[in-house]
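Taking it in order: structure first as structure tokens, then the write-up.
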Amino acid sequence: MEKFGIGQGIRRHEDFRFLSGKGTYIDDITHDGMVHAVVVRSPHAHAKIVAIEAQSAMAMPGVLLIVTGEDWTREGFGTMPTKSAVQKKIDGTPLNQPPRHALAIDTARYVGEPVALVVAETEMQAVDAAEALDIDYDELDAVVDPVKALAPGAPQLWDDIPGNFCLDFELGDKDGTQAAFASADHVVSLAIENNRVTAVPLETRGAIASYDPETENYLLENATQNVHANRATFAGDVLNIPEEQLHHIAPDVGGGFGAKNSAYGEPALILYAAKRTGRPVKWINQRGESFLSDTHGRGQLSTVELALDKDGTFRALRTSTIGGIGCYCWTVGPFTPSGGAARTQGGPYNFPAMYYSSKVAFTNTAPMDPYRGAGRPEASFQTERIIDYAARTLGFDPVELRRRNLMTPDMLPRKTPMGLDVDSGNFPEVFDRTLAMSDRAGYRARVAASAEKGIRRGFAIAPYMECTGGGPKEFAGVDFGRDGTVTLRVGSQSTGMGHETSMPQILAAELGIDFDRVTYVQGDTEATPIGGGHGGSRNLEVGGNAVLQAAREITAKGKRIAAHLLNSNEDDIDFADGAFKDVKTGQSIAMDDVIEASFETGRLPEAMDPGCLDTGTVYEREIITIPNGCHAAEVEVDPETGAVRVERFWAVDDFGKIINPLLADGQVMGGVAQGLGQALLEEIVYDEDSGQLLTGSLMDYALPRADDLPEMKIAYFEDAPTAKNPLGVKGAGEAGCCGAPPAIVNAVIDALAPDGVRHIEMPLTPEKVWRAIASAR
């Protein structure tokens, strides 16, 4: 029995379950009479569905059901709407939003789009029937490049959406930025691509649907990040049933990174299939299908401009972006290249003026939706690349140019030109701590040692400033058992981040009870009345504060009970270290004794009933917080092969109050690994003419491996906690993706600066790097 406080590095409680094979993931679950579903996906990027001949496949052994788009529309099912925070164009008219059904209706618009569902007794029978399904397609021209999609004469995805145009967007001071550029001593411009990537969680998507004909209720067990929001979509928008008729559960989920946040069509399809067949229906996406059908991220083409004075003082920043989002708006697809990438433009620098504009295009590609950071990594990369490029173009020291333009503590609180409320932080101090960690004094010796091997060595530092997101409300419920157990129910959700440790840690620390008495429940629409799931680094900011609020409400009720038991005045009762104490008499009673008394009528004050300590509460965030930090990287580049190796990596992050440093380290390391992947390895590539996915397997899509990752030194700046929430936390989950790509890419450019290389687009593959060196020579 152990008691832990906030700030202690507790090992993850859930790890023993996971590492010993006792986790329960979606494919571990079976039900009596369960059958299997396979999705038939379009082999074409753009094609009319002329006819689907299902009779032969339906006659095959074990086949129970085949569902086509024609069947789907005949049932009258609804569409899945976008929930993008940006819903209007610059002129105030609504964004162009095509209907998104669970199956393609009449036309398939990307390779991998679902066109039919096959259900059979076994998975192999379903696969055989899916392959036997005879579908007649009339192939159409496709466009996968968002710039080309917006150009005159491009193939049109939707008859009623001219020019493949979803929306345009702007944020900031356009006229003030223009004036600053006009009067600046220097203007530097750079075209930047944020390469399209996908999440590739260890566990693919999958779900099991069941239907009870007596109650007309559904059960959906789903590898998802957000049970409540997706239940609302599946029940209310698609199936046209009350939400209460759909019980939505997420078992253990093996990673998500945003790709499991969305409402996809497959769960809705198997819910229908479960009702039609009267059997539980399981569907599991195969890895190749996931590359085709999971949401992708990033994928922005931008022109970034920096205006600055002769002494290097920043005057203004201007960014224009074109982002492709696939053929649908999906759940929040239009937001990332618009508001998502606009908010944190300029990072922690003191820009008097900024302006961001973008256009969002429909393309014949898989859908775009949030991927770890959802716009903030793009903004960080854009800002850091143009600063680095300006330094090298104009002859400034890249480190000193950054230092001189950072916002100083006396400038805070402030609202940035993009409307971001920055309440706390010390950006210069975080910057200097990162430099100190990186052993600058020994850098020249390391450069010389690399040069002796014929290797280039480079260094870069990348401050960043981002923001949290996700739903602003969260529920936490605490139930006490007579046997001493405590159940904590929370609407936020872990997909591997350690909530089963951090959330009970907050509760146990606040109540002064043993940590291992707390059972954690998440991902269940019947366990919590609301829930924001996972996304936007919101868990501790919203979910953690909901737990804290519940604990304090319990303590307040506990004071009444303690006062009654001690014959004291309630106003004289203080609570600390797990005990209630009468400050006048010195009498005290432990929280555990108060919990025990809460079940006995004779020991309770009037108007309090047995079980009165059970508490459910909703915490609502008033304003998002501003995580920030500074990352730095040292790399080696082999000029003969173009191979890049990240040798060292340093990070100092300001996440406010650190609840559990071990968990925070894991979040930073994971984000850095994914940021390194985008910088050096990962890219979703489509054939320009056919729209076929060229990186549709782990043989073609390069993920970082253990030997690609450097030694990381991580520290935290906790001297400026935010006052925006009671815990003083700022969010940690997406920092690595904001700091790592610019630090690594700029370090490579630093290594190749003697060769005259100033820019290489991500990912910096050996071929790209080698060609850049050869071209510069």
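The values are calculated or read from the model by the stated rules, or taken from the named source; none is laboratory data. Bear in mind that the values here come from a model prediction, so they are computed numbers and not experimental data. Heads up, the Cβs are rebuilt from the backbone with ideal geometry, glycines too, and the neighbour counts pull from every protein chain shown. Areas reflect the complete protein model, heavy atoms only, side chains present, ligands, DNA and RNA absent. Shrake-Rupley method; radii C 1.70, N 1.55, O 1.52, S 1.80 Å.
For the reader, a short list of remarks on this structure follows.
Residues are listed down the side, and each one gets a yes or a no for (1) touching a residue at least 60 places away in the same chain (Cβ under 8 Å); (2) assigned by TED's automatic domain parsing to the domain that holds PHE427; (3) farther than 19 Å from ALA743 by Cα; (4) within 21 Å of the chain's Cα centre (by Cα):
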position	(1), (2), (3), (4)
THR313	yes, no, yes, no
GLY324	yes, no, yes, yes
CYS329	yes, no, yes, yes
GLY347	yes, no, no, yes
SER380	yes, no, no, yes
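One line per residue, one yes/no per condition, for (1) in contact with a Leu (Cβ under 6 Å, 6 or more places away or on another chain); (2) crowded, with 17+ Cβ neighbours inside 10 Å; (3) of a type in the set (A, V, I, L, M, F, W, C):
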site: THR617; (1), (2), (3): no, yes, no
site: ILE626; (1), (2), (3): no, yes, yes
site: ARG645; (1), (2), (3): no, no, no
site: ARG648; (1), (2), (3): no, yes, no
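- Verdict on ALA436 being touching a helix residue (DSSP H, G or I) at 6+ places or on another chain (Cβ under 6 Å) and either at pLDDT below 95 or small (Gly, Ala, Ser) (or both): no
- The listed residues are ASP479, ASP439, and the only one of them that is of a type in the set (Asp, Glu), out of contact with any Pro (no Cβ under 9 Å at 6 or more places or on another chain) and in the same structural domain as ALA747 (by TED's automatic domain parsing) turns out to be ASP439.
- Positions within segment 530-574 being buried (at least 19 other Cβ atoms within 10 Å of the Cβ), among the β-branched types (Val, Ile, Thr) and not in a helix (DSSP H, G or I), in sequence order: ILE573
- Given (1) surrounded by fewer than 18 Cβ atoms within 10 Å (Cβ to Cβ); (2) without any contact (Cβ under 8 Å) to a residue 60 or more places away in the chain, index of the condition ASP687 fails: (2)
- Considering ASP134, ASP128, the condition of being of a type in the set (D, E, K, R) and out of contact with any Pro (no Cβ under 9 Å at 6 or more places or on another chain) is satisfied by ASP134 alone.
- Segment 580-602: number of residues that are under 13 Å from ILE554 (Cα atoms) and in contact (Cβ under 8 Å) with a residue 24 or more places away in the chain: 5
- Against the list (1) farther than 30 Å from MET411 by Cβ; (2) among the charged types (D, E, K, R); (3) in contact with an Asp or Glu (Cβ under 9 Å, 6 or more places away or on another chain); (4) open to solvent by 30 Å² or more (accessible area, probe 1.4 Å), the condition GLU429 fails is (1).
- Residue that is nearest to ILE760 (Cα to Cα) [pool: residues in segment 160-187 that are in contact (Cβ under 8 Å) with a residue 24 or more places away in the chain and of a type in the set (A, V, I, L, M)]: VAL187
- Boolean, ASP665 is surrounded by fewer than 24 Cβ atoms within 10 Å (Cβ to Cβ) and under 19 Å from the mean Cα position of the chain (by Cα): yes
- Residue within segment 719-731 that is of a type in the set (Val, Ile, Thr), touching a Phe, Trp or Tyr at 6+ places or on another chain (Cβ under 9 Å) and open to solvent by less than 40 Å² (accessible area, probe 1.4 Å) present: yes
- Whichever residue in segment 597-615 is assigned to a helix (DSSP H, G or I) and open to solvent by 70 Å² or more (accessible area, probe 1.4 Å) and, among such residues, is farthest from PRO377 (Cα to Cα): GLY602
- Residue in segment 379-418 that is surrounded by the fewest Cβ atoms within 10 Å (Cβ to Cβ), counting only those that are in a loop (DSSP other than H, G, I, E, B) and in contact with a strand residue (DSSP E or B) (Cβ under 7 Å, 6 or more places away or on another chain): PRO413
- Filter pass, VAL594 being touching a helix residue (DSSP H, G or I) at 6+ places or on another chain (Cβ under 6 Å) and either surrounded by fewer than 18 Cβ atoms within 10 Å (Cβ to Cβ) or modelled with pLDDT of 95 or more (or both): yes
- Count of residues meeting criterion [farther than 12 Å from ILE208 by Cα and open to solvent by less than 30 Å² (accessible area, probe 1.4 Å)] in segment 20-37: 1
- Pairs, first open to solvent by less than 80 Å² (accessible area, probe 1.4 Å) in segment 699-714, second β-branched (Val, Ile, Thr) and not in a loop (DSSP other than H, G, I, E, B), C-beta under 7 Å, six or more apart: PRO710/VAL646; MET712/VAL672; ILE714/VAL668
- Test: residue in segment 3-13 that is within 25 Å of the chain's Cα centre (by Cα), open to solvent by 20 Å² or more (accessible area, probe 1.4 Å), more than 23 Å from TYR137 (Cβ to Cβ) and among the basic types (Lys, Arg): yes
- For ASP136: the one exception among (1) open to solvent by 50 Å² or more (accessible area, probe 1.4 Å); (2) touching a Leu at 6+ places or on another chain (Cβ under 9 Å); (3) not aromatic (Phe, Trp, Tyr): (2)
- Evaluation of ARG41 against (1) open to solvent by 50 Å² or more (accessible area, probe 1.4 Å); (2) under 30 Å from VAL685 (Cα atoms); (3) of a type in the set (Lys, Arg) (one fails), failing number: (1)
Each row is one residue, and each column tells you yes or no for (1) over 25 Å from the mean Cα position of the chain (by Cα); (2) among the polar types (S, T, N, Q); (3) part of a loop (DSSP other than H, G, I, E, B).
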| site | (1), (2), (3) |
| --- | --- |
| MET669 | no, no, no |
| VAL672 | no, no, no |
| GLY677 | no, no, no |
| GLY736 | no, no, no |
| ALA740 | no, no, no |
| VAL748 | yes, no, no |
| PRO754 | yes, no, no |
| ARG758 | yes, no, yes |
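- Out of THR336, THR303, THR344, THR319, sole residue that is out of contact with any Leu (no Cβ under 6 Å at 6 or more places or on another chain), more than 30 Å from LEU219 (Cβ to Cβ), among the polar types (S, T, N, Q) and assigned to a helix (DSSP H, G or I): THR336
- Of the criteria (1) part of a loop (DSSP other than H, G, I, E, B); (2) in contact with a Leu (Cβ under 8 Å, 6 or more places away or on another chain), which one THR695 fails: (2)
- Counting only strands (runs of 3 or more DSSP E) that sit completely within segment 188-284, those holding 1 or more residues that are free of Cβ contacts under 8 Å to residues at least 24 places away in the same chain and surrounded by fewer than 18 Cβ atoms within 10 Å (Cβ to Cβ) correspond to 206-212.
- Against the list (1) open to solvent by 20 Å² or more (accessible area, probe 1.4 Å); (2) in contact (Cβ under 8 Å) with a residue 24 or more places away in the chain; (3) among the polar types (S, T, N, Q), the condition THR495 fails is (1).
- Restricting attention to segment 497-522, the residues that are part of a loop (DSSP other than H, G, I, E, B) and in contact with an Asp or Glu (Cβ under 9 Å, 6 or more places away or on another chain) total 5.
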